[in-house]
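**Student:** Please find one structure pasted underneath; my questions will follow.
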Amino acid sequence: MQQIIRIDMSTLSVSRETLPAEYAGLGGRGLTSRIISREVPPNCHPLGVDNKIVFAPGLLTGTHAPSSGRLSVGAKSPLTGGIKESNVGGTAGVSMARMGIGALIVEGAADAAYVLEVSGDDIRFRSAGELKNQSNYAVGRHLADRYGPKTPYIAVGPAGEAGLAVATVAVSDLEGRPTRHAGRGGMGAVLGAKGVRAIVFPGKGSARQPEDAVRFKAAAKGLAKELADGRKALTRYGTAVLVNVINAAGALPVNNFRHGSLAGTDAISGETLARHCDSRGGRTGHPCHPGCVIRCSNIYHAADGNYLTSALEYETITLLGTNCGLRDLDQIAELDFMCDDFGMDTMETGTALAVAMEAGLLPWGDFEGMKRCLAEMVDGTVLGRLLGQGAHTLGRTLGVTRIPTVKGQAIAGYDPRVLKGTGATYATSPMGGDHTAGNCLPGRTGLNDREKTGQVSASREIQTYTTLFDNLGLCIFVGPVKGSMAAVCELFNSYTGLAYGEAELNALAEEILQDELIFNEKAGISRYQNDLPAFFRTEAVHSGLVFDVPPDELVNAFDH
Ligand code: SF4
């Protein structure tokens, strides 16, 4: 039986509850959003004692379903002011699920920083005083010395300690490095404000058992084969395979979304990344968590053969790279390492840097200047703190009019004037500008991506499937589309013993979305904020395209 563990940091006490029957079918995002919407006052300060941060493995996490090891992290976001779910791979989700933890809720706030040791029934609070101002990699080494190498952990970097809205929650990978991040929405700042520096999982457990093990095994095996055969480009090149694809589509962000394509993207492409991994001793085809068969992650080495970072992804290459005027993969990798080490979202941080360049604070492509800015963010200078509050706050403070954010959060590396379905997702998702809420990649919806017609309903459909995937702990690269639903139904039903059809599963996802939308409305984020920044509607990119999806459709996106 899965349980909810509640850790009150104000009193350093722990309580446990069995997961209530009313939460049947919920895991991951379903649980984080249900708990936050029921227990957190929508108008509370995100870094105050009334906010809570919830960690929930997906419903199928810890089973033998392929690529199902995601961990959802939810709270009221300091970046958007609304509800947030950010999910992450790595080792912690599987570990929690196998210890029988359905959700771990951290509430209240301590006066000092702690490491939480979670071993099944035994939870201890250890002082984290010696970890103050230590970077994530240093914290990882400390935890490895104390608990053994590769013991799963969650960590908050210096950015989270400082309460920066770009702060991530880092999760250790299979090598024990802090390279996987619940990056979006400032979850690291919320956990840091609770007085938690790290959560370590030294306990062991066993795989979650499906109700119908034979049927589940057959479904998992079938899906694993399909993914292994059908995702070879992701395995070989990682998400960076999209660099040339999105550039060819004209949707690559360049210099704060001034352009949609670039000559010479081969230098930063997935193909070049894979070549560097091969020749320098790195690795492609790396799984970010146990049981991923797609394995889109990589370990990237520098030209001298030494470890540089993991994993180097499309979003980082674009938002910390091309959108800031950088064209050098090794430089982008170095910035990626710094962000991981400090615990900063590469997407929000990259966009804040691009906005700083837009404001004239540093030249486009100023690699050394970007490194100085990252250092200032953890040193706590005024500029560093402003950058650390994200692109929206920085841009407004500096009087910038071209700020590519929605509801306070930076959009992803897909230009919404070209990929209009993804633009509709940025505009309407309860998560703010977030491609992981429903990415309408080229060819995914069956529509012409550049046409305005039908994009809102296509986006809503993909958002519904994605919410379901986030509930189950399935990686989005499994494919949140209609064609996956038969396999998903079979996994869900054989695991739970229920008999849901696609309609019932979609209804489950819709309920989760409604929880989030209602929370946001109470927090002051209404449907009338469902739009993109004005410059996307007025400034053309790539052969005259603007974002012209009708505003009233965006406002009414979630009406039935
Ligand atoms: S496909 Fe990539 S991101 Fe998804 S779980 Fe596997 S390694 Fe992680």
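The values are calculated or read from the model by the stated rules, or taken from the named source; none is laboratory data. Everything numeric here is computed off the predicted structure, so don't read it as measured data. Here the Cβ positions follow ideal geometry from the backbone for every residue, glycine too, while neighbour counts run over all protein chains shown. Side chains included, ligands, DNA and RNA excluded: accessible areas come from the protein's heavy atoms. Shrake-Rupley method; radii C 1.70, N 1.55, O 1.52, S 1.80 Å.
**Student:** Filter the stretch 319-358 down to the residues that are assigned to a loop (DSSP other than H, G, I, E, B) and under 16 Å from Thr272 (Cα atoms), then identify the one that is nearest to the chain's Cα centre (by Cα).
**Tutor:** Only one residue tops the list, namely Gly321.
**Student:** Determine if the stretch 360-368 includes at least one residue that is in contact (Cβ under 8 Å) with a residue 24 or more places away in the chain and touching a Phe, Trp or Tyr at 6+ places or on another chain (Cβ under 8 Å).
**Tutor:** The answer is no; no qualifying residue exists.
**Student:** Further question on the same structure: Within the stretch 37-50, identify whether any single residue is within 15 Å of the ligand (Cβ to nearest atom), at negative phi and touching a residue at least 40 places away in the same chain (Cβ under 8 Å), and answer yes or no.
**Tutor:** No, the stretch 37-50 has no match at all.
**Student:** Find the residue count for the stretch 417-441, including only residues that are open to solvent by less than 10 Å² (accessible area, probe 1.4 Å) and part of a helix (DSSP H, G or I).
**Tutor:** Count: 10.
**Student:** Which of the residues belonging to the stretch 503-533 are in contact (Cβ under 8 Å) with a residue 40 or more places away in the chain and small (Gly, Ala, Ser)?
**Tutor:** Ala509, Ala523, Gly524
Here is a yes/no grid of residues against (1) open to solvent by less than 20 Å² (accessible area, probe 1.4 Å); (2) within 23 Å of Asp173 (Cβ to Cβ); (3) aliphatic (A, V, I, L, M):
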residue: Leu227; (1), (2), (3): yes, yes, yes
residue: Gly230; (1), (2), (3): no, no, no
residue: Ala233; (1), (2), (3): no, yes, yes
residue: Phe257; (1), (2), (3): yes, no, no
residue: Thr272; (1), (2), (3): yes, yes, no
residue: Gly282; (1), (2), (3): no, yes, no
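**Student:** Considering each of Pro178, Pro210, Pro202, Pro253 in turn, give the residue that is crowded, with 21+ Cβ neighbours inside 10 Å and over 30 Å from Leu326 (Cβ atoms).
**Tutor:** None of the others qualify; the one that does is Pro210.
**Student:** Would you be able to say whether some residue in the stretch 176-188 is among the hydroxyl-bearing types (Ser, Thr, Tyr), within 19 Å of Gly28 (Cβ to Cβ) and in contact with a strand residue (DSSP E or B) (Cβ under 9 Å, 6 or more places away or on another chain)?
**Tutor:** Looking through the stretch 176-188, none of the residues is among the hydroxyl-bearing types (Ser, Thr, Tyr), within 19 Å of Gly28 (Cβ to Cβ) and in contact with a strand residue (DSSP E or B) (Cβ under 9 Å, 6 or more places away or on another chain).
**Student:** Okay, next question. Consider Val14 carefully, then state whether it is among the hydrophobic types (A, V, I, L, M, F, W, C), touching a Gly at 6+ places or on another chain (Cβ under 7 Å) and not in a loop (DSSP other than H, G, I, E, B).
**Tutor:** Criteria not met by Val14.
**Student:** Residues that are within 16 Å of the ligand (Cβ to nearest atom), over 18 Å from Thr32 (Cβ atoms) and open to solvent by less than 20 Å² (accessible area, probe 1.4 Å): does the stretch 77-91 have at least one?
**Tutor:** Scanning the stretch 77-91 turns up at least one residue that is within 16 Å of the ligand (Cβ to nearest atom), over 18 Å from Thr32 (Cβ atoms) and open to solvent by less than 20 Å² (accessible area, probe 1.4 Å).
**Student:** When the stretch 164-208 is examined, which residues are found to be part of a loop (DSSP other than H, G, I, E, B) and closer than 19 Å to Thr405 by Cβ?
**Tutor:** Leu164, Ala165, Val166, Thr168, Gly183, Arg184, Gly185, Gly186
**Student:** Checking Ile246 against (1) of a type outside the set (Ser, Thr, Tyr); (2) open to solvent by less than 30 Å² (accessible area, probe 1.4 Å); (3) assigned to a loop (DSSP other than H, G, I, E, B): exactly one of these is not met. Which one?
**Tutor:** All conditions pass for Ile246, except number (3).
**Student:** So which residues in the stretch 506-530 are closer than 30 Å to Arg258 by Cα and surrounded by 19 or more Cβ atoms within 10 Å (Cβ to Cβ), if there are any at all?
**Tutor:** Residues satisfying the conditions are Ile525, Asn530.
**Student:** Right, another one. Cβ-Cβ below 6 Å, separation at least six or inter-chain, first residue in the stretch 392-416 and in a strand (DSSP E or B), second of a type in the set (D, E, K, R) and crowded, with 24+ Cβ neighbours inside 10 Å: which pairs?
**Tutor:** If the second residue must be of a type in the set (D, E, K, R) and crowded, with 24+ Cβ neighbours inside 10 Å, the pairs left are Ala410/Glu348.
**Student:** Okay, next question. Return yes when Leu326 is more than 13 Å from the ligand (Cβ to nearest atom), without any contact (Cβ under 8 Å) to a residue 60 or more places away in the chain, touching a Ser or Thr at 6+ places or on another chain (Cβ under 7 Å) and not charged (D, E, K, R) and no when it is not.
**Tutor:** no
**Student:** With the requirement that a residue be more than 6 Å from the ligand (Cβ to nearest atom) and either assigned to a loop (DSSP other than H, G, I, E, B) or farther than 13 Å from Arg177 by Cβ (or both), what does the stretch 282-300 give you?
**Tutor:** Answer for the stretch 282-300, where residues must be more than 6 Å from the ligand (Cβ to nearest atom) and either assigned to a loop (DSSP other than H, G, I, E, B) or farther than 13 Å from Arg177 by Cβ (or both): Gly282, Thr284, Gly285, Pro290, Gly291, Val293.
**Student:** Of the numbered conditions (1) buried (at least 24 other Cβ atoms within 10 Å of the Cβ); (2) without any contact (Cβ under 8 Å) to a residue 24 or more places away in the chain; (3) within 16 Å of the ligand (Cβ to nearest atom), Asp470 satisfies every one except a single condition; which is it?
**Tutor:** (2)
**Student:** Right, here's the next one. For the stretch 529-546, check the following and say yes or no: at least one residue is outside any loop (DSSP other than H, G, I, E, B), away from the ligand (no atom under 16 Å from the Cβ) and in contact with a His (Cβ under 7 Å, 6 or more places away or on another chain).
**Tutor:** Looking for residues that are outside any loop (DSSP other than H, G, I, E, B), away from the ligand (no atom under 16 Å from the Cβ) and in contact with a His (Cβ under 7 Å, 6 or more places away or on another chain), one finds at least one in the stretch 529-546, hence yes.
**Student:** Further question: For Gly270, work out the one condition from (1) in contact with a Phe, Trp or Tyr (Cβ under 7 Å, 6 or more places away or on another chain); (2) more than 16 Å from the ligand (Cβ to nearest atom) it doesn't fulfil.
**Tutor:** Looking at each condition in turn, Gly270 falls short on (2).
**Student:** Go through the stretch 446-467 and count every residue that is hydroxyl-bearing (Ser, Thr, Tyr) and either open to solvent by 40 Å² or more (accessible area, probe 1.4 Å) or within 16 Å of the ligand (Cβ to nearest atom) (or both).
**Tutor:** Total meeting the criteria: 4.
**Student:** Something else: Filter the stretch 483-505 down to residues that are closer than 26 Å to Ala182 by Cα and either small (Gly, Ala, Ser) or surrounded by fewer than 24 Cβ atoms within 10 Å (Cβ to Cβ) (or both) and give me whichever is farthest from the ligand (Cβ to nearest atom).
**Tutor:** The qualifying residue farthest from the ligand (Cβ to nearest atom) is Leu505.
**Student:** Please enumerate the residues belonging to the stretch 52-61 that are in a loop (DSSP other than H, G, I, E, B) and within 14 Å of the ligand (Cβ to nearest atom).
**Tutor:** Gly58, Leu60, Thr61
**Student:** For the stretch 103-139, enumerate the residues that are in a strand (DSSP E or B) and surrounded by fewer than 22 Cβ atoms within 10 Å (Cβ to Cβ).
**Tutor:** Those that are in a strand (DSSP E or B) and surrounded by fewer than 22 Cβ atoms within 10 Å (Cβ to Cβ): Glu107, Glu117, Ser119, Asp122, Ile123, Arg124, Phe125, Arg126, Ser127.
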